[in-house]
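To start, the structure under review is shown below, and the notes come after it.
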Amino acid sequence: MQLNPPRRASVISLLIAIPLLSFGAFAQEATLAEDGDRYKYRRANSDGIGKTYMGRQISHVMGHRGAAWLERSDREREERTDLLIENLPINPGDKVADIGAGTGYFSLPMARMVGEAGTVYAVDIQLEMLSIIAERATGEGLFQIEPILATEKNPGLSPESISMALFVDAYHEFEWPWEVMSAVYESLIPGGKVVLIEYRAEDRQVPIKRLHKMTERQARAEMAAVGLEFLENGDFLPQQHFLVFEKPLRGANETVEAGQGH
């Protein structure tokens, strides 16, 4: 799969200037012919964009104006984000990615986990979010965080460059999930992990809109479609799945064929 070159932005350059034009939604030239039978289109509802992938309607993206919700004071108590962070497969010196990084809620503690010898790639399609991360990282002296301005199809990570990619309540919003996850697959080293955090759609008591939740079954099917193997679902978060997938050691350098798993 042909990928666009990474668009990386240093902490300093993000602090110098923020363009007036929002990068929250890049224009995409997509046709039904390009999509083949991977995506389907239907009438959108209030939560979805009218585009479905493997039977799941893709939800709207939460914009940078929702940043305060990501940093709400009771988030740790409600979601036990402390347990989430403690269980991430991260070691000192690792290079890892926080994809859909938002305000850096997880990027900053991940940076402390990898230490000065490691790197955290904070990936987002919204420059406003990356600017928030850059300011926070500079203020806390966490210079091992590297912001990356992604597009809807390309997270901008180099091949076999990371040992783990974290997605926290973000994957369900991706307009091009197969393309993004195929690129993530390529960016993982053999044996590298994907940790997918999504609100449990199986639990009606979780107070989140339906399209902003996923079932374990759906998530496993979508990760398998790009070649990732399921390892476990941690049963320790009160509202979310903690799903761990792995890039297999065998055939790690082979490109996943388009449409695999469909």
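Structure above, values below:
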| read-out | value |
| --- | --- |
| Top-ranked residue of segment 90-143 - restricted to ones that are of a type outside the set (V, I, T) and in contact with a Pro (Cβ under 6 Å, 6 or more places away or on another chain), ranked as farthest from P177 (Cα to Cα) | G115 |
| Criterion: touching a strand residue (DSSP E or B) at 6+ places or on another chain (Cβ under 9 Å), among the polar types (S, T, N, Q), under 23 Å from G93 (Cα atoms) and surrounded by fewer than 23 Cβ atoms within 10 Å (Cβ to Cβ) - qualifying residue of S158, S163 | S163 |
| Residue ID - modelled with the lowest pLDDT, chosen from residues in segment 115-134 that are more than 11 Å from E146 (Cα to Cα) and among the polar types (S, T, N, Q) | Q126 |
| In segment 53-65, the residues that are modelled with pLDDT under 90 and over 17 Å from the mean Cα position of the chain (by Cα) | R65 |
| Within segment 82-114, considering residues that are of a type in the set (V, I, T) and at pLDDT 95 or above, the one nearest to the chain's Cα centre (by Cα) | I99 |
| Residues that are over 12 Å from A170 (Cβ atoms), touching a residue at least 40 places away in the same chain (Cβ under 8 Å), not hydrophobic (A, V, I, L, M, F, W, C) and not in a loop (DSSP other than H, G, I, E, B), drawn from segment 88-138 | K95, Y121, E128, S131, E135, T138 |
| Filter result for the condition that a residue is buried (at least 17 other Cβ atoms within 10 Å of the Cβ) and either of a type in the set (F, W, Y) or more than 19 Å from M113 (Cβ to Cβ) (or both), over D203, D169 | D169 |
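The values are calculated or read from the model by the stated rules, or taken from the named source; none is laboratory data. All values derive from a computational prediction rather than experimental measurement. Cβ atoms come from the backbone with ideal geometry, glycine included; neighbour counts cover every protein chain shown.
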